[in-house]
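Accompanying notes for the structure given below.
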Amino acid sequence: MKRWKRAMVWLGRIGHCRGFGVQSPSAYRFVRYVINEHAPYYAYKDLALQLPHADGLTRKLCKLYFRLSNYCQAVEYVEVAPPDDMAWQYVHAACHKTLRRTFDDADALCSQAFDTPFLARMRCCEQHMAAVRHLLAQSSEMSVVVVEGIKENRDAKSCWESLTSAEEATVTYDLYYCGIIITTKRRYKHNYIINF
């Protein structure tokens, strides 16, 4: 059933493949060479051997984290419990200097300062909204916030819509399974729908 649903999501977004319709050159490069890069990176094979139990969607998201980590060269990888060790292994394989910071809850994260650039992984739920906004307020040009589960239910969709309209979220990418938020002062506000 999951494979059927993934195929339907992919077909529903067929008009948004590989950067089609993205006018901004920097957004196009990000979509083509970070989000939808299909080239086999140097560590994919080793990570697949280390983590053989991952399902297709989990591995696809972990590879995205790898490419995002490679893109932003994050100083810190920030997440709220429960931690995702598989995603962390992909992040760390892409950028060995990245340090991991895991918080027990979103409130604990809201009282912290972060070194930039950072890569953050959050859930799309009401409990994490304050933490996501806190991260966006501190983010630099190369910081990336990934919000997972943006289409899981009505509340998640509502939270994602509020994040895309937030002033700090300059450029957002809707990948159906997750959303990517980047803050930049050099670009106009835009939400891209991507077939991931």
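Structure notes:
- So A93, is it closer than 30 Å to D46 by Cβ, modelled with pLDDT of 90 or more and either in contact with a Phe, Trp or Tyr (Cβ under 7 Å, 6 or more places away or on another chain) or assigned to a loop (DSSP other than H, G, I, E, B) (or both): yes
- Selection from region 75-123 of residues that are surrounded by 18 or more Cβ atoms within 10 Å (Cβ to Cβ), within 13 Å of L135 (Cβ to Cβ) and without any contact (Cβ under 8 Å) to a residue 40 or more places away in the chain: A106, L109, F114
- Some residue of region 34-48 being closer than 17 Å to V144 by Cα and not in a loop (DSSP other than H, G, I, E, B): yes
- Residues of region 87-119 satisfying the condition of being closer than 27 Å to R187 by Cβ and in contact with an Asp or Glu (Cβ under 7 Å, 6 or more places away or on another chain): T98, F114, D115, F118
- Pairs meeting the criteria (first residue in region 165-178 and without any contact (Cβ under 8 Å) to a residue 24 or more places away in the chain and more than 15 Å from M129 (Cα to Cα), second residue in a loop (DSSP other than H, G, I, E, B) and not acidic (D, E), beta carbons under 8 Å, at least 6 apart or on different chains) are T170/T183; T170/T184; T170/K185; T170/R187; T170/Y188; T170/K189.
The values are calculated or read from the model by the stated rules, or taken from the named source; none is laboratory data. What you are looking at is a predicted structure, and each value in this text was computed from that prediction instead of being measured. Glycine gets a Cβ as well: all are built from the backbone with ideal geometry, and neighbour counts include every protein chain shown.
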